[in-house]
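A.B. asks: First, the structure itself, so that you have it in front of you.
The values are calculated or read from the model by the stated rules, or taken from the named source; none is laboratory data. This is a predicted model, so every value here is computed, not measured. Glycine also receives a Cβ, built like all others from the backbone with ideal geometry; neighbour counts cover every protein chain displayed. Protein only, heavy atoms only, side chains kept; ligands, DNA and RNA dropped before computing areas. Shrake-Rupley method; radii C 1.70, N 1.55, O 1.52, S 1.80 Å.
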Amino acid sequence: MTGASADGFDLDVLAGWTRRLASQPSWTVAGGGNTSMKGVARDALGRERQVLWVKGSGIDMGQAVAADFATLDLERLRVQGATEVPDDAAARVVVEGAVIQPSGPRPSVESLMHALMPAGFVFHVHADAICAIANHADGGRRVTEILGERFAWLGWVQPGLDLARQVRSLASYDGVALAHHGLVAWDDDPERCFRRIETAIGRAQRHLAAAGAAAAIPLEATELTAVEEERFLLAVRGRLCERGHRVVVVDRRLREISDRADLGDIVRAGVSSADHVLWIGPWSCAVADPRDIGSALAAIDAYGERFASFAGPGEDELEKRGELLGERTPRVLLAPGIGAIVTGSTEREARQRAEVALHTHATAGAAIAAFGKVDGLDDATLFEWSKFPLELAKLKDRPAPGRLGGRIFIVTGAASGIGRTVARELASQGASVVAADLNGELLESLAREFEEAGLPELAPVTGDLADEGVVSGVVATAVQRFGGLDGAVVNAGIGVSGRLEELGVREWRRALDVNLTSAFLLTRGAMRALRAQGIGGSLVYIASKNAFGPGAGFGGYSVSKAGMVQLMRIAALEGGEAGIRANAINPDAVFDNSRFWSGSLASERAAAHGVAEGGLAEFYAERNLLHRRVRTSDVAAAVVFLLSDESSRTTGSVIPVDGGVASAFPR
């Protein structure tokens, strides 16, 4: 359906103004807010209809295009919304029934408010500065003083029929400031509507600055050492993951909040805009001193008890059905000397939540500094909002976390071959991956592949994994970037050929260093982190068919891989009490995307087997019982199984992925 406003504006114009509103981060946090335009359009039968185009629910204003606006029957909304609708449930039915293009996005939760306003354009933003002056019992007085008499004020009203009718009664004003909900302005011209928004926010920002909103009293926060911070993050993530795995990121921008002496008041103020609950839950959690891990964990537990009381006895069922915003585990912790510790199923989601937390708490901080207090939403109001069906529907529009969402894995030898495929497969199932390899250029190309495919962001680490310092840095990257660790794929390795009588000590030592010492170093570092975290984990060792079925002329490699299997068994023995599992995979003759066979190795192994180099892959496939080539994807599938909860009762095992080589059967 195509059409235009009474003055000839089309949807591209509305989308452009929507994006312009969102270009100011403090106006539309996380793309929140909505816009609309009224006009005339022809339906599929050529009939002219009065319509409302309104931004789709959950659509990021900063990315809005014409297709992101729902088309609704304006006359129906106005007639029924003004007089015939008795309550919000009926209002939702009316809005759903007014949709003209079912294939379009779901209409904004504010659709009825937009429809009832007589102006051609209605813009609604969740501006920080407006919330700072409006979130008070005497917000009406403050709004009039600061914005002028052309702007009205309403205390908190949940989106729906009541809010729509109350805003409609204020149509003679230029706009209205809504407590915990931002600013709505209207006009028949989109530019004038934008200017009203811009002018009001500018006045609020200038008033806050003049009132000393930035003059916070700092707390004497002690800087943590890197070791202290890692210890804190591991312990905290362990507790945060008790009800499900999460990535944990640190956002140091929030030190401007966490290091304030009035941090408790800021946290008690809650969210500045009600829609922030969708992102960060009803409240954040304040930690008094991150060096005191016991008190930090107690604060997390206290938050859980408060949320359980808040949600009531039906909490688990509501959460299971996706009918509750927030969860028993805090999504945002504020810690002096660190900033914010924020959770998410991926780093990207955690960063988005951190952005919302920054705005919501900075708004409360500005209001407290300027006015002395903020009137937050009480728990009963928050609970009703947390079950609001149209807000919950936004959650259902988001892609569900992958099978391994919230989990963090290290993959060594990740630049090519098995490691590269494993890293991609883990990420495709939602995991956050630290990829380590000697080849930085190939790691960079892998990171680009992740980005182009929309996978969780990769954390690449370049270096020699036989170097103790490099391996320590790999584990530290997992903790510093993602908050902890859930497992490692010990895959880095090289092939060293030569008969024992001919093999040089240098080549022998290099095989042991790269294939075995590096495995020991990562095992030690990963087990220390996993034990400190306290929620178990899984180590997967990419050994080889040669561990059980060695080949002549391949002694250095075969011995190192046999040692890796024994290392795995010891890790299983020593890690079991901490829930740390260890298992090995024995692949054979994996050629696709592999640098393992580069140099002279392929020709040497072909000569050893008496075949042409070009026929080596086929020779290996024909010698196994299944007569099939083993692919990197086959190994990756076994890795995912061993890292997932599906193998939670499996440790100390060896899984052959070799097509069936009888001489290498585990025994």
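A.B. asks: Jot down the radius of gyration and Dmax of segment 9-106, Cα atoms only, both in angstrom.
C.D. replies: Rg then Dmax for segment 9-106, in Å: 14.2, 43.
A.B. asks: Just grab the label-to-label distance for Asp301 and Ala66, each label 7 Å out from Cα along the Cβ direction, in nm (one decimal).
C.D. replies: If labels sit at Asp301 and Ala66, their model points lie 6.0 nm apart.
A.B. asks: Taking the chain, how much of its Cα-Cα pair set, in percent, is spaced more than 31 angstrom apart?
C.D. replies: Taking all Cα-Cα pairs of the chain, the fraction more than 31 Å apart is 59 percent.
A.B. asks: Counting Lys and Arg as +1 and Asp and Glu as -1, what is the net charge of the other residues whose Cβ lies under 12 Å from the Cβ of Ile197?
C.D. replies: Summing Lys/Arg as +1 and Asp/Glu as -1 gives +1.
A.B. asks: According to a simple spin-label model (label point 7 Å from Cα along Cα-to-Cβ), what is the distance in nm between Glu145 and Glu242?
C.D. replies: The answer from the label model is 4.6 nm.
A.B. asks: Given H placed 1.01 Å from N in the peptide plane, which residues other than close sequence neighbours of Ile655 have an amide H under 5 Å from its amide H?
C.D. replies: Counting only residues 5 or more places away or on other chains, the set is Ala584, Ile585, Asn586.
A.B. asks: Taking the Cα atoms only, what angle lies between the long axis of helix 440-453 and the longest principal axis of the chain, rounded to 10 degrees?
C.D. replies: The helix 440-453 is inclined about 40 degrees to the chain.
A.B. asks: Also: Kindly write out, for segment 162-176 in residue order, the coupling ³J(HN,Hα) from the Karplus curve 6.51 cos²θ - 1.76 cosθ + 1.60 (θ = phi - 60°), rounded to whole Hz, with x marking Gly and Pro.
C.D. replies: For segment 162-176, the Karplus curve yields 4, 4, 4, 6, 5, 5, 4, 5, 9, 4, 6, 7, 8, x, 9 Hz.
A.B. asks: Would you be so kind as to identify which of Ile494, Phe520, Leu530 lies farthest towards the positive end of the dipole of segment 494-535, taking Lys and Arg as +1 and Asp and Glu as -1 on Cβ and the Cα centre as origin?
C.D. replies: Result: Leu530.
A.B. asks: Now for a different question. In debye, nearest 20: dipole of segment 70-147 around its Cα centre with unit charges on the Cβ of K, R (+) and D, E (-)?
C.D. replies: 100 debye
A.B. asks: For Ala571, what charge total do you get from the other residues with a beta carbon under 14 Å from its beta carbon, if Lys and Arg give +1 and Asp and Glu give -1?
C.D. replies: +3
A.B. asks: Could I ask something else about it? Starting from 0 in steps of 5 Å, tell me what percent of the Cα-Cα pairs of segment 7-66 lands in each bin.
C.D. replies: 4, 20, 26, 19, 14, 9, 5, 2, 1
A.B. asks: Place +1 on the Cβ of every Lys and Arg and -1 on the Cβ of every Asp and Glu in the chain, take the dipole about the Cα centre, and give the residue among Ile197, Asn593, Val236 whose Cα lies farthest towards its positive end.
C.D. replies: Asn593
A.B. asks: Tell me the carbon and sulfur percent of the accessible area for segment 66-146, rounded to whole percent, probe radius 1.4 Å.
C.D. replies: Heavy-atom surface of segment 66-146 belonging to carbon and sulfur, 1.4 Å probe: 52 percent.
A.B. asks: Taking the chain, how many lysine pairs are there with alpha carbons less than 17 Å apart, if each pair must be eight or more places apart or span two chains?
C.D. replies: 7
A.B. asks: Once every DSSP H run of n ≥ 4 in the chain is given -39500 (n - 2.57) and the sum is divided by its residues, what mean residue ellipticity at 222 nm do you get, rounded to the nearest 500 deg cm²/dmol?
C.D. replies: -13000 deg cm²/dmol
A.B. asks: Right, next: Using modelled amide H (1.01 Å from N, peptide plane; none on Pro or chain starts), what sits under 5 Å from the amide H of Cys285, excluding residues fewer than 5 places away?
C.D. replies: Here Val332, Leu333, Leu334 satisfy the definition.
A.B. asks: Keeping the other protein chains in place, figure out the carbon and sulfur percent of the accessible area of segment 373-434, with a 1.4 Å probe.
C.D. replies: So the carbon and sulfur contribution to the accessible surface is 52 percent.
A.B. asks: Now a separate question. Give me the number: length gained by fully extending Asp292 to Ser633, i.e. 0.36 nm times residue separation minus the C-alpha to C-alpha distance, one decimal in nm.
C.D. replies: So the extension gain works out to 118.3 nm.
A.B. asks: Related question: Of Phe409, Thr381, Pro399, whose Cα points farthest to the positive end of the dipole of segment 380-478 (charges on the beta-carbon: +1 Lys, Arg; -1 Asp, Glu; origin at the Cα centre)?
C.D. replies: Thr381
A.B. asks: Excluding ligands, DNA and RNA, what is the solvent-accessible area per residue of segment 4-139 at a probe of 1.4 Å, expressed in Å²?
C.D. replies: 38 Å²
A.B. asks: Classify segment 409-516 from the C-alpha gyration tensor, please: rounded if a/c falls under 1.5, else prolate or oblate depending on whether a/b exceeds b/c.
C.D. replies: prolate
A.B. asks: I've got another one for you. How much area per residue is accessible in segment 447-606 when the probe is 1.4 Å and only protein heavy atoms are counted (Å²)?
C.D. replies: About 40 Å² of surface per residue is accessible.
A.B. asks: Applying the Karplus parametrisation 6.51 cos²θ - 1.76 cosθ + 1.60 with θ = phi - 60° to the phi angles of segment 630-646, what ³J(HN,Hα) value in whole Hz is obtained for each residue in order, glycine and proline being reported as x?
C.D. replies: Couplings: 8, 9, 4, 5, 5, 5, 4, 4, 5, 4, 4, 4, 6, 8, 8, 5, 5 Hz.
A.B. asks: Using alpha carbon coordinates only, what is the Rg to Rh ratio of segment 341-417, with Rh defined as the Kirkwood radius?
C.D. replies: Rg/Rh: 1.14.
A.B. asks: Now for a separate question. Is segment 66-124 rounded, prolate or oblate when judged by the Cα gyration tensor, a ≥ b ≥ c being the square roots of its eigenvalues, rounded requiring a/c under 1.5 and prolate requiring a/b larger than b/c?
C.D. replies: Judged from the Cα gyration tensor, segment 66-124 comes out oblate (a/c at least 1.5, b/c at or above a/b).
A.B. asks: Ok, one more. Treating only the Cβ atoms of Lys and Arg (+1) and Asp and Glu (-1) as charged, compute the dipole magnitude of the chain about its Cα centre; round to the nearest 20 debye.
C.D. replies: So the dipole magnitude of the chain works out to roughly 820 debye.
A.B. asks: Additional query: Could you tell me what fraction of 2.2 N^0.38 Å the Cα radius of gyration of segment 51-163 comes to, as a two-decimal ratio?
C.D. replies: 1.17
A.B. asks: Compute the signed sum of charges (Lys and Arg +1, Asp and Glu -1) over the other residues within less than 13 Å, Cβ to Cβ, of Phe665.
C.D. replies: 0
A.B. asks: Note down the nm distance, to one decimal, between modelled labels 7 Å out along Cα→Cβ at Ala447 and at Arg192.
C.D. replies: Label at Ala447, label at Arg192, 5.1 nm between them.
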